[in-house]
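Contents: one structure, followed by commentary.
The values are calculated or read from the model by the stated rules, or taken from the named source; none is laboratory data. Predicted model, so just to flag it, every value in this text is computed and none were measured. Glycine gets a Cβ as well: all are built from the backbone with ideal geometry, and neighbour counts include every protein chain shown. Just so you know, the surface numbers come from the protein's heavy atoms only, side chains and all, with ligands and any DNA or RNA stripped out. Shrake-Rupley method; radii C 1.70, N 1.55, O 1.52, S 1.80 Å.
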Amino acid sequence: MKKANGKSETEVAGLDLEHELPPADGDESSSESAGSGVAAGEVSGPDAELQKLKAERDSLLDRLARAQAEFENARRRASKEQQDFRDYAAADAIRPLLPIIDSFERALQVKSDPGDFRSGVELIYKQLQDALAKLGVRAIPAKGEIFDPHVHEAIEMVETSDAADHEVIEELQRGYKIKDRLLRPAMVKVAKNP
C-alpha cells in the first residue's frame with residue numbers, strides 16, 4: 001500500500017483493514033455496520049464480534065436448559081412407567097390366587113368331619129399348585145438328588161452309609177424357581193459317607 005504522509009491509505013480512511021476481524025458468515029449487515037460503524041461512531045468490529053458471541057452463547061445456554069428440562073421430564077416419565085409396571089405386574093400375579101383364598105374361606109366356614117376337611121384342603125392345595133404353575137413357578141426337586149449349592153441350602157450333614165455321598169436325604173423346606181430364576185433354595189439334610 002502506498003504511504004501518504006507516512007500513513008497507509010486504509011489508515012487515512014480511518015480503517016485498519018490488516019487488523020480488523022472478518023464479518024460473520026451470512027451476516028452482511030454486521031460487515032456493513034463494522035465498516036461504517038467506526039466512521040459513524042457505532043459498534044466497531046471487535047465489539048460486533050463480542051456481541052455475536054454473546055448472542056450465540058445465550059442461544060446455546062437456552063438450548064442446554066431446554067435439553068436438560070426434556071431429559072428430566074423423560075426420566076420422570078420412565079420412572080412412573082416402571083412403577084406402574086411393577087404395580088400392575090403384582091396385580092397380574094395375585095389375580096389367579098384369589099379363587100384359592102375363596103376356597104379356603106368356604107372350607108373354614110363348613111362344619112364337616114376331619115376326613116372331608118382334609119380332602120377339601122388337598123383340593124385347595126392342588127388348585128394353588130396349578131395357579132403357581134401358570135405363573136411359571138415350580139418346585140425344586142430335592143430328596144434323592146445330589147446336593148446342588150445353586151438350588152439347595154444344606155442345613156445339616158448327616159453321616160450315613162445308607163445314601164450316596166452328597167445325596168439329599170431329607171427336605172426340610174421346599175425350594176421354588178420362577179422360570180429359570182431361583183425364588184428360594186430348598187433347605188435340606190445331606191448325606192456324608194464316613
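Among the numbered conditions (1) at pLDDT below 90; (2) more than 23 Å from Arg184 (Cα to Cα), the only one that Ala91 does not meet is (2). Is there a residue being over 25 Å from the mean Cα position of the chain (by Cα) and loosely packed, with under 14 Cβ neighbours inside 10 Å anywhere in region 81-95? Taking every residue of region 81-95 in turn, at least one turns out to be over 25 Å from the mean Cα position of the chain (by Cα) and loosely packed, with under 14 Cβ neighbours inside 10 Å.
For region 120-134, check the following and say yes or no: at least one residue is in a loop (DSSP other than H, G, I, E, B), charged (D, E, K, R) and under 34 Å from the mean Cα position of the chain (by Cα). The answer is no, given that none of the residues of region 120-134 is in a loop (DSSP other than H, G, I, E, B), charged (D, E, K, R) and under 34 Å from the mean Cα position of the chain (by Cα).
Yes or no, residue by residue, for (1) at pLDDT 90 or above; (2) exposed (fewer than 15 other Cβ atoms within 10 Å of the Cβ); (3) not β-branched (Val, Ile, Thr):
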site	(1), (2), (3)
Ile146	yes, yes, no
Pro149	yes, yes, yes
Glu167	yes, no, yes
Tyr176	yes, no, yes
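When Arg181 is tested against (1) at pLDDT 90 or above; (2) open to solvent by less than 60 Å² (accessible area, probe 1.4 Å); (3) not polar (S, T, N, Q), exactly one condition is not met: (2).
Looking only at region 164-178, decide whether some residue is among the small types (Gly, Ala, Ser) and not in a strand (DSSP E or B). Yes, some residue in region 164-178 is among the small types (Gly, Ala, Ser) and not in a strand (DSSP E or B). Checked against the criterion of being without any contact (Cβ under 8 Å) to a residue 60 or more places away in the chain, out of contact with any His (no Cβ under 9 Å at 6 or more places or on another chain) and within 30 Å of Arg95 (Cα to Cα), the candidates Leu182, Leu123 yield just one match: Leu123.
Restricting the first member to region 130-158 and to residues that are touching a residue at least 12 places away in the same chain (Cβ under 8 Å), and the second to residues that are assigned to a helix (DSSP H, G or I) and not hydrophobic (A, V, I, L, M, F, W, C), the beta-carbon pairs closer than 7 Å and six or more apart or on different chains are Ala131/Pro96; Lys134/Pro96; Leu135/Pro96.
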